[in-house]
Amino acid sequence: MQFPEPILRLIQQFERLPGIGPKSAQRLAFYVTTMADEQVQEFAQALLRMKQELTICEQCCAISDRSPCPVCGDPLRDRSVICVVQDTRDMLAIERMQAYDGLYHVLGGAISPMDGIGPDQLHLRELLQRIANEQVTELILATNSTVEGEATAMYIARLAHHFDQLQVTRIAHGIPVGGDLEYADEITLKRAMEFRRPI
């Protein structure tokens, strides 16, 4: 027996979301059938309003509900330091630790030739303009510790070395707090050794 056409359409839409497979999509679609009409309307309205009300910050390229975003619009932030991240979620993760008071630049991804993402698909041009036009003295590369993230960091580091006043740094990677050495993979252990520091 086939799914009714309206449910099938909703299943197909849920399957387009990352991390949602066919079974999860079916479960979500059938859950929607049990929701009250008002709840379904609220859910649909929330999706539409999110798309209509969100924008890209004109300075850091983060997803925000205003431009400039709250971070770029904060006069107390240290404007001499820019932390480069892959997406807005990375920026929010760093903000949660409440220990960084500089600015950000969101690339919108990482260089990945296999996925057809090259430097031109990222917000690199905007980053270089910021370095050239603002009094930036440090660029912190906080891309993910993946092949794509490392390639992106190295690419940006090469571009940034053309600016004399600029120090380029990379966030440290290694053993997480509370982690056991025996469970760490070789790359993580190698990074932990490379980025060791005196105590």
Practice item. Output yes when any residue across the stretch 57-69 is basic (Lys, Arg) and over 26 Å from GLY109 (Cα atoms), and no when none is. Key: no
Point to revise | Residue under evaluation ILE156, criteria (1) closer than 19 Å to CYS57 by Cα; (2) touching a strand residue (DSSP E or B) at 6+ places or on another chain (Cβ under 8 Å), criterion not met | key: (1)
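What are the residues in the stretch 101-112 that are more than 14 Å from the chain's Cα centre (by Cα), surrounded by fewer than 18 Cβ atoms within 10 Å (Cβ to Cβ) and under 23 Å from PRO68 (Cα atoms), if any? If you could, list the steps in order and put the result at the bottom.
In the first step, residues of the stretch 101-112 are kept if they are more than 14 Å from the chain's Cα centre (by Cα); the result is 101-103, 112.
From what is left, the residues that are surrounded by fewer than 18 Cβ atoms within 10 Å (Cβ to Cβ) are 101-102, 112.
Matches in the stretch 101-112: ASP101, GLY102.
Yes/no per residue for (1) assigned by TED's automatic domain parsing to the domain that holds ILE94; (2) within 19 Å of the chain's Cα centre (by Cα):
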position: GLU138; (1), (2): yes, no
position: SER145; (1), (2): yes, yes
position: ALA153; (1), (2): yes, yes
position: HIS161; (1), (2): yes, no
position: VAL168; (1), (2): yes, no
position: ILE171; (1), (2): yes, yes
position: TYR183; (1), (2): no, no
position: PHE195; (1), (2): no, no
**Study point:** Top-ranked residue in the stretch 44-63 [being part of a helix (DSSP H, G or I) and of a type in the set (A, V, I, L, M); ranked as nearest to GLU95 (Cα to Cα)]
**Key:** MET50
Check your understanding: Which residue, of THR55, THR34, is surrounded by fewer than 15 Cβ atoms within 10 Å (Cβ to Cβ), of a type in the set (Ser, Thr, Tyr) and in contact with a Ser or Thr (Cβ under 6 Å, 6 or more places away or on another chain)?
Key -> THR55
Check your understanding: Given the conditions (1) of a type in the set (D, E, K, R); (2) surrounded by 15 or more Cβ atoms within 10 Å (Cβ to Cβ); (3) assigned by TED's automatic domain parsing to the domain that holds LEU92, and given that ASP115 satisfies all but one, which numbered condition is not satisfied?
Key -> (2)
Review point. Would you call ALA160 within 12 Å of LEU139 (Cβ to Cβ), surrounded by 12 or more Cβ atoms within 10 Å (Cβ to Cβ), without any contact (Cβ under 8 Å) to a residue 40 or more places away in the chain and small (Gly, Ala, Ser)?
Key: yes
Review point. Of all residues in the stretch 95-119, which are touching a helix residue (DSSP H, G or I) at 6+ places or on another chain (Cβ under 9 Å) and among the aliphatic types (A, V, I, L, M)?
Key: LEU103, VAL106, LEU107, ALA110, ILE111, MET114, ILE117
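Any chance you could count how many residues in the stretch 121-144 are β-branched (Val, Ile, Thr), surrounded by fewer than 16 Cβ atoms within 10 Å (Cβ to Cβ) and farther than 11 Å from PHE163 by Cβ? Don't jump to the end; show me each part of the working.
Filtering the stretch 121-144 down to residues β-branched (Val, Ile, Thr) leaves 131, 136-137, 140, 143.
Still in the running and surrounded by fewer than 16 Cβ atoms within 10 Å (Cβ to Cβ): 137.
Next, only the ones that are farther than 11 Å from PHE163 by Cβ stay: none.
Residues that pass the stated criteria total 0.
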Practice item. Find the residue count for the stretch 1-31, including only residues that are acidic (Asp, Glu) and farther than 17 Å from LEU47 by Cα. Key: 1
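The values are calculated or read from the model by the stated rules, or taken from the named source; none is laboratory data. Keep in mind that this is a model prediction, so the values were computed, not measured. In this analysis, Cβ positions are derived from the backbone assuming ideal geometry, glycine residues included, and neighbour counts consider all displayed protein chains.
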